[in-house]
Amino acid sequence: MSTDTNVMCEECLTRRPDVEVMADPFSTARYPEETDHLQTAQRPPCATKRFEDS
């Protein structure tokens, strides 16, 4: 059984300690009035890229 507690980034598919679960940056930017955004696991640079792509 693995003891790795790092979460995998859904954008770059790497497993690192800096991955955070957050509201989807793309849908948050596109639809700020919504309150039920999908929760995604992403590294900060990947989240920034996803936000900029919106």
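The values are calculated or read from the model by the stated rules, or taken from the named source; none is laboratory data. These numbers were taken from a predicted model, which means no experiment stands behind them. All Cβ positions, even for glycine, are placed from backbone atoms using ideal geometry, and neighbour counts span all protein chains on display. The accessibility values were calculated without ligands, DNA or RNA, using every heavy atom of the protein model including side chains. Shrake-Rupley method; radii C 1.70, N 1.55, O 1.52, S 1.80 Å.
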**Item:** Number of the exception - C46 against (1) out of contact with any Phe, Trp or Tyr (no Cβ under 8 Å at 6 or more places or on another chain); (2) open to solvent by 100 Å² or more (accessible area, probe 1.4 Å)
**Value:** (2)
**Request:** Tally the residues that are of a type outside the set (V, I, T) and within 10 Å of the chain's Cα centre (by Cα), restricting the search to the range 13-48.
**Result:** 15
**Asked** Does the range 21-37 contain any residue that is open to solvent by less than 50 Å² (accessible area, probe 1.4 Å), modelled with pLDDT under 95, among the hydroxyl-bearing types (S, T, Y) and assigned to a helix (DSSP H, G or I)?
**Response** yes
**Item:** Test result for D53, touching a helix residue (DSSP H, G or I) at 6+ places or on another chain (Cβ under 7 Å), without any contact (Cβ under 8 Å) to a residue 40 or more places away in the chain and open to solvent by 80 Å² or more (accessible area, probe 1.4 Å)
**Value:** yes
